[in-house]
Amino acid sequence: MAARTQQQYQVRFAWGTGGAARIAEDAHVLVWIDVLPASPTEDARERQRALRSLAAQLPEGPEVVLGHLGNASAIAGRVTRLQADRGDRCVVAIVAAGRHHAPGDDAAEAAGEAADVPDAPDFAVEDFLAAGAVVDALAEVGIDHTSPEAAAACAAHTGLRRAVKHLVSASEAAAALGSAVVRAALAADTDLVTLRESNSRA
């Protein structure tokens, strides 16, 4: 049987809940990257409720924290503290939420055809860059045994660091939300938000 995807790496990266299932089985921390709200009318309470509900559906075991463009350093701090507590390395699964379209948005769905991979999110530049920011912050504290997927996200963030907020503001997702909503999301504080405590004995 082939080894699990990215299992040999300490820092991993994938998309959506399907990706989480592939890379998070033996992880200690799962960072769910979701930079922008799902809709312009979603308020903070609704967003937190939706995120915590989603966290309950992620693979059992790891602590689940929310990642965005402003709290990469806080995530790196949490991982280093956990490593110190464990006396061993901490495996980090970074999972980008991506974009999910409402039913009927795609031509196949409009024609009544089932999606081939219903759980597969579309690429979201804001989540990719935020994932790269987390990988970069981890590397800065010496946690740099990264998978190729995580390394690519990190390279995108570091190479585009000065343009990140502009790129997110000009993205497809931002256009659907409006500038005020996007500005609020980009101004999110640097605190670490835990969506689910670890239920692993490891």
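The values are calculated or read from the model by the stated rules, or taken from the named source; none is laboratory data. Every value quoted in this text rests on a predicted model; they were computed, and no experiment measured them. We work out accessible area using only protein heavy atoms, side chains counted, and drop any ligands, DNA or RNA first. Shrake-Rupley method; radii C 1.70, N 1.55, O 1.52, S 1.80 Å.
Listing for the model above:
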read-out: Cut-off under 5 Å, modelled amide H: who pairs with Arg196 long-range; value: Val64
read-out: Volume per residue that the Cα convex hull of the chain spans, once the total is divided by residue count, Å³; value: 130
read-out: Nearest-10 value in Å² for the accessible area of Trp15, using the 1.4 Å probe; value: 60
read-out: With all protein chains modelled, accessible area of Glu149 [1.4 Å, Å²]; value: 80
read-out: Of Ala14, Ala187, Ala139, the one that fluctuates the most in a GNM where the chain has Cα springs shorter than 10 Å; value: Ala187
read-out: 1.4 Å probe accessible area per residue over the chain, in Å²; value: 52
read-out: Carbon and sulfur %, accessible surface of the chain computed with the full protein complex present, 1.4 Å; value: 51
read-out: Cut-off under 5 Å, modelled amide H: who pairs with Ile94 long-range; value: Arg12, Phe13, Ala14, Val31
read-out: Mean separation of Cα contacts under 8 Å, 6 or more apart, over the residue count of the stretch 116-202: relative contact order %; value: 26
